[in-house]
Amino acid sequence: MKKLFILFSFFFWLAPTLFFAQIPGMVNYNEEDGLNNSHSYSLSQDPSGFLWIGSDNGLFRFDGKEFKHFNNKHGLKNIEALSCIPLSNGEVFVATFLNDFAYLKNGKVINSDMNSELKKIQFTHNPDYYIDGSSLYLYSTYNPANIYIYKEGKVNRIPVDVKTNSKNEYYTFGLDIPDHTFYQLDQYKGGNIIAYDIRSKKKTVCNIYANRSTFILRKGNIFVFRNKRNVDVYQLHNKFYFKKIKSYQAQENIERHIIDKNNRLWLCLEEGGALYFKQSLLEEGELTAPVKMMENYIMSDILVDKDNNTWFSTRNNGLFFIADRFFKNYIHRPISNNASYITVIAKNIDGHDPNIYLGYNESKSGLYHNGQVTDLVFEKNIKLEHKAIFAEGNTVLFGLTRRLFQYNTGIKETLFLKDIVLKNIVPYTQGSILLCTSDGLLSYNYRTRKYTDVLSKERIYTALPYAGDSLFAGGFKDLYKVNTITKKKTLFLEGYYFTDIKKLRDNLYVGATNLNGIMLFDNRRIIRKITESTGLSTGQIKKIEVENKNIFWASTNYGLSRIELKGNDVKINNFTQTDGLPSNTVAGCVLSGDTLFVGTSKGLGILSVKNLMSQKSFIDKKVIINSVMIGGKEIFDPHQTLSGQTPENDITFNVSFPDFTSQGKISYRYKIEGLSNDWQTSTSQKITLYSLPPGNYTFTIFGIGYNGKRSSVPTELHFEIHPKFWQTWWFKTMIISLGAAALFIMINLYFQKKRNKKLETLYYEKKIAELELQAIKAQINPHFIYNCLNSIQFLLYKKDYRETENYLEVFAQMIRKTLHYSEKTFMPIQEEADYLSLYLNMEKLRLKDLFDYKITISEKVDKNWVVPSLLIQPFVENAIKHGVSGLKDRKGKIDVSFDHTGTALCVIIEDNGVGIGSGKQTKADSFGVKLSQKRIETFRQLFETHIQLEIIDLSEKEQRPGTQIKLYIKPYENQNTSMHH
């Protein structure tokens, strides 16, 4: 058997640490990934799919994305975890070195200090075990005195009597609980195998003899005996009869032998590596030659998991993993000399040559035939990568960056053709090809070895003939139509850099572009674009391989895509390393029947199209909910009632999707029924929901693995957020009822107040009418009229008829306006000023110019603003009558001003009379002023118009004679009053 040297690095986004391994697609997990140990002892898988690793640094659980570590900080009293044994009830029993056993239950380590039952288990040698559902049977492999039965935290024992005398040392193996039997071999002398019935204590000598220091492994009725380099396989009949069915003699010393779940035998070698036997031990016939692998690593354990992925536990080198597809490709189609970076792959166009031709990222080429790659070296020590290969019959053209060679496979002759900057080689006419170069497009007849210029001075990357004298030619930015007779080019598709063009069927072509995905076009226009939004893994396409008129393959740096046209629909299947590709960087592929040859940066991959397409569209697994943090507590048992209460209404789900094939590229799709029907996506294994309102919810989650494949069924978990008492329905009902009652009372009070207000308004309207009448009487009092008439009589006596006429005219106007304004509630400022001016003129005539007056309206005041009617006149009358009328030493002066202070209208009536301090002014408590004060109060109550009255003695405040009256009017904006400013 030839030794395989297939070393390459394997990269996967968010996958474990890269490592150089011997099998394409193998991954190494080590300290950088969280597996921080020196020696991994054992591997096992629990019913949920988690991988458990026993090591010299405790116990590790791996879910495909992260390692969960359990050590002394978590409760292990002994971190030398030799075995981790999953049981059907979800517990994991930890068999440490000799004693200090423990088990994991609901995410927590239970040791002998927490459960004293474990202290019953005592061994002087490391035990072997037998699993029966949730029961675990432990026994020493040397002279066992007891069989310990562990089940759900309880320990019982079955006493056994193996030794016949003190000198005997028996090696014990093969416990089978249904048959109540285990088997023994004298450790030092060897001899016949003895069957021991643990119920009757009876010993039965079996038909088979074994040498001393023989190690025996049992799986079902198959027993594998290993002694030094010899391996014998026996089948048990009727408990006591062993029939030899297979044997093998290794060339190296064997450290350990393992039977995997598929009944296939593995031999771990002392000097490193493992031997794998392809056929099942249950199949008839002798063992065939094994496949040797992992030669540079000392194996501690090998596990084939539920998905047939293979795991290697090593000494000092961590954990190795290889997916089922990679392993099968390697085992069933091993390729020697397959380690180079492939940039070009091609097959013979005549269909009769079975060879596959490979071009590397160096001057070396390769020829694959019957599992062997033969190197072809045309020039040594030249670092030029391959750009294209063409093969027909015995002629193969290898195009490198600056070299073109013609090779004859029949006579093994190599011919150097031309030194050109080559971009591509395309089939042309019978016996000729098109050479796409940086200087143009050439045709080359490889039979006559003649060149013809097709298109000059153009950088051409790909081409394809589509008619007798026409072809497509792709430049760096555009695609042209070229007439090969006239050499004329016509722009066809602008803005597209085509890397490859193939004919799909009559007048339908498929083009690979560098950035814009795949174009389907005829000789007139683009018919369809296939891009990332359609389902491609990338828009950068390298090569196209046509399967038939409706199906073609696209090679990319992100794997391989198979595109199938179904009428107006497009079906796309994307394939990556996890599907068996040696690498995601694919230079191209060729088809030969059902076999797909794929050239990658990690060598040649050989796959079955049928097997690729038979993959399930989903992953037959469920998301595992490891724990739930709710109500401030972490709950590991998903069957426990999950509930929280406001305000502790956050919830965190710790989830895993143990799909190891996805190699860490895992995401989750979930929704919370009862909160929202919208699906959310997360790559985190911790999904937290904050401030959930009270209610019953269902957490539904799918796992999303490689290529977007989803778990076959969702995982669902019900939980409840309890409300505080103020969030309960009865409390809300009570509050609503109380609120409704309060609202009813408030509405009643409101309407009652409104009715009272209306009654009060009617009352004050009547009161105003009465006050207005009193004001009229006050303003037109008999004394005033008498004085006016007396003045008229005096003027008549003097026969001053003109003055009498003027006085009568003013007096008549005054009477008319007084009567007019006494009927109104409000009047404009301008009319108020006019009325005051008329009144002051009449008084000035009567008192023979005893005083002067001035009425001022500020620019800040709008003359159309309204004020209560006849409010100011009584204060002016008071200033004349009690202020200036009795002056002897000076002429009287009265100033009336209207100003705006920003928040109110300010009316000032000021005189230079005797002042408030004199006896006369003190008695001058004018009846009209009293009526005005009553009117002010009435206006406040009726119209909510705030009027503030201030009376100031100027002799006290400013040391000058006179009195100042200030009225501050804050208007009430109401359509009825029209009092706006």
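Computed values, structure above
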| quantity | calculated |
| --- | --- |
| Within the range 806-833, tally of residues that are surrounded by 15 or more Cβ atoms within 10 Å (Cβ to Cβ) and among the acidic types (D, E) | 2 |
| Selected residue [more than 17 Å from T499 (Cβ to Cβ), of a type in the set (A, V, I, L, M, F, W, C), modelled with pLDDT under 95 and part of a strand (DSSP E or B)] from L612, L604 | L604 |
| Meets criteria (of a type outside the set (A, V, I, L, M) and in a strand (DSSP E or B)) for K477 | no |
| Qualifying residues in the range 615-645 (those that are touching a strand residue (DSSP E or B) at 6+ places or on another chain (Cβ under 7 Å) and not in a strand (DSSP E or B)) - the one modelled with the lowest pLDDT | P638 |
| Single unsatisfied condition, G468 versus (1) modelled with pLDDT under 95; (2) within 22 Å of V396 (Cα to Cα) | (2) |
| Any hit, the range 645-660, residues being over 20 Å from the mean Cα position of the chain (by Cα) and within 25 Å of G25 (Cα to Cα) | yes |
| Every pair of residues 6+ apart whose Cβ atoms lie under 8 Å, when the first sits in the range 417-435 and is over 14 Å from K387 (Cα atoms) while the second is β-branched (V, I, T) | P427/I349; P427/I433; G431/T448; I433/I425; I433/V426 |
| Residue within the range 954-970 that is closer than 25 Å to Y764 by Cβ, of a type outside the set (D, E) and modelled with pLDDT under 85 present | yes |
| Qualifying residue in the range 253-268 (condition: on the phi > 0 side of the Ramachandran plot and more than 40 Å from the chain's Cα centre (by Cα)) | yes |
| Residue tally, condition surrounded by fewer than 20 Cβ atoms within 10 Å (Cβ to Cβ) and more than 17 Å from the chain's Cα centre (by Cα), over the range 662-679 | 3 |
| One residue from V291, V373, V304, V344 being in contact with a Pro (Cβ under 8 Å, 6 or more places away or on another chain) and aliphatic (A, V, I, L, M) | V291 |
| Residue count, the range 46-82 (criterion: assigned to a loop (DSSP other than H, G, I, E, B) and within 20 Å of F320 (Cα to Cα)) | 9 |
| Residues (assigned to a strand (DSSP E or B), more than 27 Å from the chain's Cα centre (by Cα) and not aromatic (F, W, Y)) located in the range 538-560 | I541, K542, K543, I544, E545, V546, E547, N548, I551, A554, S555 |
| Top-ranked residue in the range 561-597 [being polar (S, T, N, Q) and outside any loop (DSSP other than H, G, I, E, B); ranked as farthest from N348 (Cα to Cα)] | T578 |
| Pairs where the first residue, in the range 518-545, is more than 16 Å from L493 (Cα to Cα) and the second is of a type in the set (D, E), C-beta under 6 Å, 6+ apart | G539/E532; K543/D500; I544/D500 |
| Residues satisfying the stated conditions in the range 290-303, i.e. touching a Phe, Trp or Tyr at 6+ places or on another chain (Cβ under 8 Å) and over 19 Å from Q249 (Cβ atoms) | M293, M294, Y297, M299, S300, D301, I302, L303 |
| Within the range 236-275, strands (runs of 3 or more DSSP E) holding 1 or more residues that are charged (D, E, K, R) | 241-249, 254-259 |
| Members of the range 698-726 that are of a type in the set (S, T, N, Q) and more than 23 Å from the chain's Cα centre (by Cα) | none |
| Qualifying residue in the range 438-453 (condition: within 51 Å of the chain's Cα centre (by Cα) and in a strand (DSSP E or B)) | yes |
| Some residue of the range 158-181 being polar (S, T, N, Q), closer than 18 Å to N238 by Cβ and at pLDDT 95 or above | yes |
| Residue check, A463 buried (at least 22 other Cβ atoms within 10 Å of the Cβ), under 15 Å from C436 (Cα atoms) and not hydroxyl-bearing (S, T, Y) | yes |
| Strands (runs of 3 or more DSSP E) fully within the range 353-412 counting 1 or more residues that are at pLDDT below 90 | 364-369, 372-377 |
| Options N227, N211; residue that is in contact with a Ser or Thr (Cβ under 9 Å, 6 or more places away or on another chain), modelled with pLDDT under 95 and under 19 Å from R256 (Cα atoms) | N227 |
| Any hit, the range 555-578, residues being touching a Phe, Trp or Tyr at 6+ places or on another chain (Cβ under 9 Å), more than 25 Å from K529 (Cβ to Cβ), in contact (Cβ under 8 Å) with a residue 12 or more places away in the chain and surrounded by fewer than 23 Cβ atoms within 10 Å (Cβ to Cβ) | no |
| Long-range neighbours under 7 Å by Cβ, at least six apart or interchain, first residue within 16 Å of F223 (Cα to Cα) within the range 269-294, second buried (at least 19 other Cβ atoms within 10 Å of the Cβ) and β-branched (V, I, T) | L281/I222; L281/V233; L281/I259 |
| All strands (runs of 3 or more DSSP E) inside the range 801-888 with 3 or more residues being at pLDDT 90 or above | 851-857 |
| Filter pass, K306 being basic (K, R), loosely packed, with under 15 Cβ neighbours inside 10 Å and at pLDDT 90 or above | yes |
| Identity of the residue in the range 651-710, charged (D, E, K, R) and assigned to a strand (DSSP E or B), that ends up farthest from F327 (Cα to Cα) | E673 |
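The rows are residues; the columns are (1) surrounded by 12 or more Cβ atoms within 10 Å (Cβ to Cβ); (2) closer than 27 Å to I635 by Cα; (3) polar (S, T, N, Q); (4) modelled with pLDDT of 90 or more.
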{"site": "I687", "(1), (2), (3), (4)": "yes, yes, no, yes"}
{"site": "Y697", "(1), (2), (3), (4)": "yes, yes, no, yes"}
{"site": "N707", "(1), (2), (3), (4)": "yes, no, yes, no"}
{"site": "P714", "(1), (2), (3), (4)": "yes, yes, no, yes"}
{"site": "H718", "(1), (2), (3), (4)": "yes, yes, no, yes"}
{"site": "P723", "(1), (2), (3), (4)": "yes, yes, no, no"}
{"site": "W729", "(1), (2), (3), (4)": "no, no, no, no"}
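Results for (1) at pLDDT below 95; (2) of a type outside the set (V, I, T); (3) farther than 29 Å from P658 by Cβ, shown as yes or no for each residue.
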position	(1), (2), (3)
Y234	no, yes, yes
Y241	no, yes, yes
E271	yes, yes, yes
K292	yes, yes, yes
D301	no, yes, no
T314	yes, no, no
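Okay, residues lined up against (1) surrounded by 14 or more Cβ atoms within 10 Å (Cβ to Cβ); (2) farther than 30 Å from R562 by Cα; (3) out of contact with any His (no Cβ under 6 Å at 6 or more places or on another chain):
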{"site": "I619", "(1), (2), (3)": "yes, no, yes"}
{"site": "G644", "(1), (2), (3)": "yes, yes, yes"}
{"site": "P647", "(1), (2), (3)": "no, yes, yes"}
{"site": "S682", "(1), (2), (3)": "yes, no, yes"}
{"site": "P694", "(1), (2), (3)": "yes, yes, yes"}
{"site": "I701", "(1), (2), (3)": "yes, no, yes"}
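The values are calculated or read from the model by the stated rules, or taken from the named source; none is laboratory data. Just so it is clear, the model here is predicted, and its values are computed rather than measured. As a convention, Cβ positions derive from the backbone with ideal geometry for all residues, glycine included, and neighbour counts pool all protein chains shown.
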